[in-house]
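Computed from the coordinates by the stated procedures, all read-outs in this text should not be read as laboratory data. Fair warning: this is a prediction, and the values are worked out from it, not measured in the lab. Positions of Cβ are backbone-derived with ideal geometry, glycine not excepted, and every protein chain shown enters the neighbour counts.
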Amino acid sequence: MAIDKTDVLRAAHLARLGLSDEEASHYQDDLGRILAMVDQLQGLDTHGVAPLAHPLDATQRLRADEVTEPDRREQFQRCAPAVEEGLYLVPRVVE
Amino acid sequence: MQWETVIGLEVHVQLATRSKIFSGASTAFGAAPNSQACAVDLGMPGVLPVLNETAVAMAVQFGLGIHAEIPEVSVFDRKNYFYPDLPKGYQTSQMYHPIVGPGEVEITLEDGTIKRIRVHHAHLEEDAGKSLHEDFHGMTGVDLNRAGTPLLEIVSEPDMRSAKEAAAYLKAIHSIVTYLGISDGNMAEGSMRCDVNVSVRPVGQETYGTRAEIKNVNSFRFVERAIAFEVERQIELLEDGGKVVQETRLFDPERDETRSMRTKEEANDYRYFPCPDLLPVVLDQAYVDHLRDNLPELPADKRARFEADFGLSAYDAGVLSASREMAEYFERVKNACGDAKQAANWVQGELSGALNREGRRIQDSPVAAETLGELIRRVMDDTINGKAAKQVFQALWNGEGESADAVIEAKGLKQVTDTGAIEAMIDQVIADSPAQVAQYRDAEPDKRGKMIGYFVGQVMKASRGTANPQQVNKVLKDKLDALC
Amino acid sequence: MHDKTLTELAAGLQAGEFSSRELTQALLARIKRLDGELNSLITVTPEQALESADNADAARARGDAARLNGLPLAIKDLFCTEGVKTSAGSRMLDNFIAPFDATVVEKLKAAGTVSLGKTNLDEFAMGSSNENSFYGPVKNPWDTGAVPGGSSGGSAAAVAAGLVPAAMGTDTGGSIRQPAAFCGITGLKPTYGRVSRYGIIAYASSLDQAGPMARTAEDCAHLLGAIAGHDLRDSTSVARGVPDYTAELGAPLTGLKIGLPKEYFGDGLDPEVESAVREAVKVYESLGATVREVSLPHTHYAIPAYYVIAPAEASSNLSRYDGVRFGHRCDNPADLIDLYKRSRAEGFGEEVKRRILIGTHTLSEGFFDAYYKKAQQVRRLIRQDFLDAFEEVDVLMGPTSPTPAFDLGANKDPVSMYLQDIYTIAVNLAGIPGISVPAGFVGKRPAEGRPIGLQILGTHFAESRLLNVAHQFQQATDWHRRRPAIAEEAR
């Protein structure tokens, strides 16, 4: 499956990656070759094969409903770029 | 043209777990911003989710409560999108294999008939944080305390046909989750939130019309109002030759209208895929059976039992089973007084009136159920009359006595049934009311029945309400008639 | 001291020949002298290291020595270390001081080890050459014109150069085994779920696994024993007892059934690498093993399947780097979209962006079934190939990489770089364990050549067996004792 520049820009937007036009062309080329390599999969008949999401056939273990985490806001916010009154600041979100 | 309204609801219920769905941070409401957002909730590099067993149990209990299939395997998926209140850039949810399969919820229509609303499925997911739009130098503040709170999203089929049905369905869900104790159902605090899908179609048409989704309609009243507005808007649009656009709308309670959310400039592509950090959840039959065996009696069963065993009307049974607290209170009153109908009358009458006046919840009633039962027993055994009973209730409500008997004693409200005492009071009233006696005597016999009321009133007053009214009536009539 | 194995150092500490402080000081001095050129460490933590060393010495004096008491090592900069910069080799996390320890780091501390610092890596562990690091490429100690492999290239180079006796790595598609092979050391990727992933910055969650890198299989056995085990904080970690991985190291290999996957000896395999591997197999025959050819028929689908699954998971795992709660944030964002797009464009390097774009594209509406679901189906077939093979043989052997370390800057094309991982990637898809051990050199004289790795694979949870098989080889050969010139000169 070939990939055009619109696809690259669409993926970049979904992934919130800023790309210049030049970069988009560059990635279009790379992605096209990677997808061509990936397309070898289409040659394999996988009819009736169940997808494998995890390498071990394990099932989810459940955690007891207990509060184990103390308030560590101060430590956690030490590496935050913009904080005020305990809140993380982002440019105004318009609803 | 005649239009039919078609409504489906997506109800998000916050589950009343102590800790979050995938972390050990507290879910308590109202903490300082981000003080209950741990490394996992913040999506710190390298952290991993571990599923809360109580969230799973609560979801299954809900499923059993709506007689739903509980699939053996359910799987968590990631719903990918960027938003400041979504720390990881994805919401962990269940897209393809939800924990609760198809089920149904009964609602009672206004005419008393029961309608079944099908539930398509219910799935577990994590709640997002909150964006606070107060002005921080033109910035928005993000509080992630709520991020990771377990949500059960309950998705109905488009089975509702009016705003009233939608509200009844929402109330039914509310009553099921609160009965089960899996949510506090507090809509004001956002413990229960609702998205409404509304469309209209000409009566008789099979296919559905284009629907609009109204987001975050967060009270029973708003659900009705939002739907009423939206239905009118859509019909008007269609009758003017327009088309309904499939879109997301917001309900504005202040203006009583829905508005298009125009911020989504492109179609979303959530790129769902199975969360590789979580494994399939497998529920064995023994586990599900154990939860089923320990399920409390649910509103529909309770209502049926109140009708069948207590002989209550469908209406009374419905009101009294609407909330677990109401039903429990009623049953305690009934056990204390031994008479379901009397208990029903008092709970729905005097008690509900007082609660409504003061905006209290039944679980906060100052009159305990056993005390009210005792009071009713005193009416039934003729210790006090109905009028005095209301006085006793008011006194108990105001905290003026420990028990009904204590209030009756203190206020001297014990009913006078001693014939001699009653006769003496009547004689006194007759002696003090020559003019009224004369009128009575001169009146046509069929008018006298009305006139006797005056004398009854005087006697009751003289007895400070304690005389037995039936007895007073009978003796008065005999004595007055003897004078004629 | 720097050329001793971890096991030998443990004996020296135990015998009181030197203290942990002395050992730590010696190695810190070596790092100072040599790492300017190698660039194997992003962060060196001398104060913390000396404090840990003193604590370890004190514990030993009290008779309270932990299992790896006082032994120095380094940790790939993908593991969160509380109070220490944890960069993932990315500008995105250049300012990130982790507020907690990864479970592996906690366990290593509890075992008494002394961390000297954080090793360089391909950004977010995406790469096979260590050229994708924000902190610059790592040089191969055997030949500073060559790459050390990746993504755990810093860990491999640091061990090979004698800066540390051991280091922690992670392996998503070969990131422990391939750099171990390129740098002439021993590296073990355990079974998926054997070692907790908690606190390891995720690349591809269903493939990532941490493991030890050291000079010998015996050292790896000691380290694995310290880091393996069930972790309540990682749902995918396995609740299974941790054996003493050193217990069976000495078991004879008589009757061992070795399978050679014919697909691992095909086109593209460097002839010198092939002959070194075949020589190694002969050594095993001399130790009593039997050898047969087996087939892993879906081998050639492993790389395509991996480059769907890994980027898809990565595209989602890396969404959390949005400039809001930690990590790089662009200057003066105009609005929210600008904040996201510029912070991420500035914070991530080219290979990371490439994989995010691929993963985002293949998960998009309309492509999911053709790519992601298909790749997961192929993943099952690949796992089945291994399970079938292990019905017939005890272990599989082959080259770790088709070539020895290539020159820095030689591999510009991403796809041809990806194809280098042909022998390692399927192992992650299947979740089985694998170990790479030194098995020779390409080049005339060993001291100037580039190392060759022999890869040994076992079925799920067969780590004891793999370590035993690797150890017996190291008892019979001395490839693992060879040291690069840089390490010798610095004496």
Segment C:351-491 - charge dipole about Cα centre, Lys and Arg +1 at Cβ, Asp and Glu -1, debye rounded to 20: 380
Rounded to 0.05, the calculated FRET efficiency for the beta carbons of residue C:331 and residue A:74 at R₀ = 25 Å is 0.50
How big is the dipole moment of the protein assembly as shown about its Cα centre under a simple scheme where the beta carbon of each Lys and Arg is +1, that of each Asp and Glu is -1, and everything else is neutral? Debye, nearest 20, please. 940
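For chain B, what relative contact order do you get, as a whole percent, if you take Cα pairs closer than 8 Å and at least 6 residues apart?
14
How would B:38, B:484, A:79 line up from fewest to most surrounding beta-carbon atoms within 10 angstrom? Kindly include the intermediate steps, with their values, before the conclusion.
Values: B:38 28, B:484 11, A:79 18.
Final ranking by Cβ density, sparse to dense: B:484, A:79, B:38.
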Read phi for every residue in segment B:164-178 and hand back ³J(HN,Hα) as whole Hz from Karplus 6.51 cos²θ - 1.76 cosθ + 1.60, θ = phi - 60°, with x for Gly and Pro. 5, 5, 5, 5, 5, 5, 4, 5, 5, 4, 4, 5, 5, 5, 6
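How would you rank C:342-354, B:301-313, highest first, on the average number of other Cβ atoms within 10 Å across their residues? The partial results should precede the final answer.
Details: C:342-354: 21.6, B:301-313: 17.0.
For the peptides C:342-354, B:301-313, the packing ranking is C:342-354, B:301-313.
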Cα centroid separation - segment B:145-208 against segment B:311-359, whole Å: 26
Count, for each residue of C:91-99, the Cβ atoms from other chains sitting within 10 Å of its Cβ, then give me the mean as a whole number. 3
Roughly speaking, what is the centre-to-centre gap between segment C:196-261 and segment B:375-440 when only Cα atoms are used, to the nearest Å? 87
Along each principal axis, Cα extent of chain C, largest first, Å: 63, 53, 46
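In deg cm²/dmol and to the nearest 500, what is the mean residue ellipticity at 222 nm of chain B if only DSSP H runs of at least 4 residues count, each as -39500 (n - 2.57), divided by the residue total? Kindly include the intermediate steps, with their values, before the conclusion.
Details: 16 runs with 196 residues, N = 484.
Helices in chain B give a 222 nm mean residue ellipticity of -12500 deg cm²/dmol.
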If I model a spin label as a point 7 Å beyond the Cα along the Cα-Cβ vector, how far apart are those points for residue A:92 and residue B:382 in nm? 7.8
Semi-axis lengths (Å, descending) of the ellipsoid that matches the C-alpha gyration tensor of segment B:169-327: 35, 26, 16
Work out the charge dipole of the protein assembly as shown with +1 on the Cβ of Lys and Arg and -1 on the Cβ of Asp and Glu about the Cα centre, then indicate which of C:287, B:218, B:330 is farthest towards its positive end. C:287
Volume per residue that the Cα convex hull of chain B spans, once the total is divided by residue count, Å³: 233
Pairs C:373/C:412; B:302/B:414; A:5/C:139; B:390/B:461: which are spaced more than 27 Å apart, C-alpha to C-alpha? C:373/C:412; B:302/B:414; A:5/C:139
Please compute, for peptide C:299-309, the average count of beta-carbon atoms on other protein chains lying within 10 Å of each residue's beta-carbon. 4
5 angstrom amide H check on residue A:60, placed H, neighbours 5+ away: B:279, B:281, B:282
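Given the Cα-Cα distance of residue C:373 and residue C:387 and 0.36 nm per residue of separation, how much length would full extension add, in nm?
Answer, rounded to one decimal: 2.9 nm.
Give me D for segment C:252-304 in µm² s⁻¹, whole number, from Stokes-Einstein with Rh from the Kirkwood sum over alpha-carbon pairs, 20 °C and 1.002 mPa s. Walk me through the intermediate numbers first.
Details: Rh = 12.3 Å.
Stokes-Einstein gives a translational diffusion coefficient of 175 µm²/s.
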Taking the mean number of other Cβ atoms within 10 Å as a proxy for protection, how do you rank B:425-431, C:233-239 from highest to lowest? C:233-239, B:425-431
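Find the relative contact order for chain C and round it to a whole percent, using C-alpha pairs within less than 8 Å whose residues are 6+ positions apart. Don't skip to the end; give the middle numbers.
Details: 1204 pairs, mean separation 87.9, N = 491.
Worked out over chain C, it gives 18 percent.
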Give me the Debye-computed log₁₀ of I(q)/I(0) at q = 0.10, 0.15, 0.16, 0.19 Å⁻¹ for chain A, equal point scatterers on Cα only, no solvent, two decimals. -0.70, -0.96, -0.95, -0.97
Residue (of C:384, C:255, C:128) at the positive-pole extreme of chain C, dipole from beta-carbon charges: C:384
Checking the cross-link filter: which lysines have an alpha carbon closer than 19 Å to that of residue C:282, excluding same-chain neighbours under 8 positions apart? C:257, C:262
Ranked output for segments C:151-161, B:91-101, C:30-40, C:303-313 by mean other Cβ atoms within 10 Å, highest leading, reads C:151-161, C:303-313, B:91-101, C:30-40
Footprinting exposure proxy for C:450, B:259, B:225 (fewest neighbouring C-beta atoms within 10 Å first): B:259, B:225, C:450
What is the angle, in °, between the Cα long axis of helix B:386-397 and the longest principal axis of the Cα atoms in chain B? Nearest 10 is fine, range 0 to 90. 50
Would you mind ranking B:454, C:192 by Cβ crowding within 10 Å, fewest neighbours first? B:454, C:192
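Which pairs in the list B:411/B:479; B:171/B:341; C:32/C:118 are over 22 Å apart, alpha-carbon to alpha-carbon?
Working: B:411/B:479 30 Å; B:171/B:341 25 Å; C:32/C:118 14 Å.
Listed pairs above 22 Å: B:411/B:479; B:171/B:341.
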Taking the convex hull of Cα positions in segment B:280-435, its mean projected area over all directions (nm²): 14.6
Could you list the residues of segment B:367-391 with an amide nitrogen less than 20 Å from a label point located 7 Å from the Cα of residue B:328 in the Cα-to-C-beta direction? B:367-374
What residues of segment A:1-38 lie in the reach of a label at residue B:95, counting those whose backbone N is under 16 Å from a point 7 Å from the Cα along Cα→Cβ? A:11, A:14-15
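Apply 1/(1 + (r/R0)^6) to the Cβ-Cβ distance of residue B:423 and residue B:314, taking R0 = 56 Å, and write down the FRET efficiency to the nearest 0.05. Walk me through the numbers on the way to the answer.
Details: r = 46 Å, r/R0 = 0.83.
Given R0 = 56 Å and the Cβ-Cβ separation, E is 0.75.
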Set the Förster radius R0 to 41 Å, insert the Cβ-Cβ distance between residue C:488 and residue A:23 as r into 1/(1 + (r/R0)^6), and round the FRET efficiency to 0.05. 0.35
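Counting every Cα pair in segment B:3-290, what percent are over 27 Å apart?
Details: 17885 of 41328 pairs.
Percent of Cα pairs beyond 27 Å in segment B:3-290: 43.
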222 nm mean residue ellipticity, helices alone, for chain C (DSSP H n ≥ 4; -39,500 (n - 2.57); rounded to 500): -11500 deg cm²/dmol
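What does the structure give for C:205-211 when I average, per residue, the other chain Cβ atoms found within 10 Å of the residue Cβ? Intermediate values should be presented prior to the final figure.
Values: counts 6, 9, 3, 1, 1, 0, 0.
Rounded to a whole number, the mean comes out at 3.
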